[in-house]
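The structure appears right after this line, and notes come after that.
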Amino acid sequence: MGYVYYKTGSLWLTMLLHFVNNGTVVVLEQIPSLQEVDWIMDTMPLTTYVVAVVVAVVVMLACLMAFRRIPLEQKRGNIDAI
C-alpha cells in the first residue's frame, strides 16, 4: 500500500485497498466451513489451491506493472509535501 501511495499520491486508493483487504478477511471468517479449519489446504484440492495462488500472483504482478507505468512527478514520488 505504501508503494501505491508513493506512485499515485492517492490516500483514497490506499484506503480502498486496505478496506478490500480487511473486508476479504472478515467475509472469509464468516464462512462456517472455514471456521473449523486450521489450514486452508484442508478445504480444497491441491490443484484448486495451486490455481488460486497462481492467479493471485499474476494479478499482483499485473497491478505492479501498471503502477510502474505511472510517471513520478518528483524524485520522492507523487506524494504531497508535509
Exercise for review: Within segment 12-34, work out how many residues are free of Cβ contacts under 8 Å to residues at least 12 places away in the same chain and surrounded by 13 or more Cβ atoms within 10 Å (Cβ to Cβ).
Suggested key: 2
**Study point:** Met41 being modelled with pLDDT of 70 or more and surrounded by 10 or more Cβ atoms within 10 Å (Cβ to Cβ)
**Key:** no
Point to revise | From the options Ile70, Ile79, residue that is surrounded by 10 or more Cβ atoms within 10 Å (Cβ to Cβ), modelled with pLDDT of 80 or more, on the phi < 0 side of the Ramachandran plot and in a loop (DSSP other than H, G, I, E, B) | key: Ile70
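The values are calculated or read from the model by the stated rules, or taken from the named source; none is laboratory data. Keep in mind that what you see is a predicted model, and the values were worked out from it rather than measured. Glycine also receives a Cβ, built like all others from the backbone with ideal geometry; neighbour counts cover every protein chain displayed.
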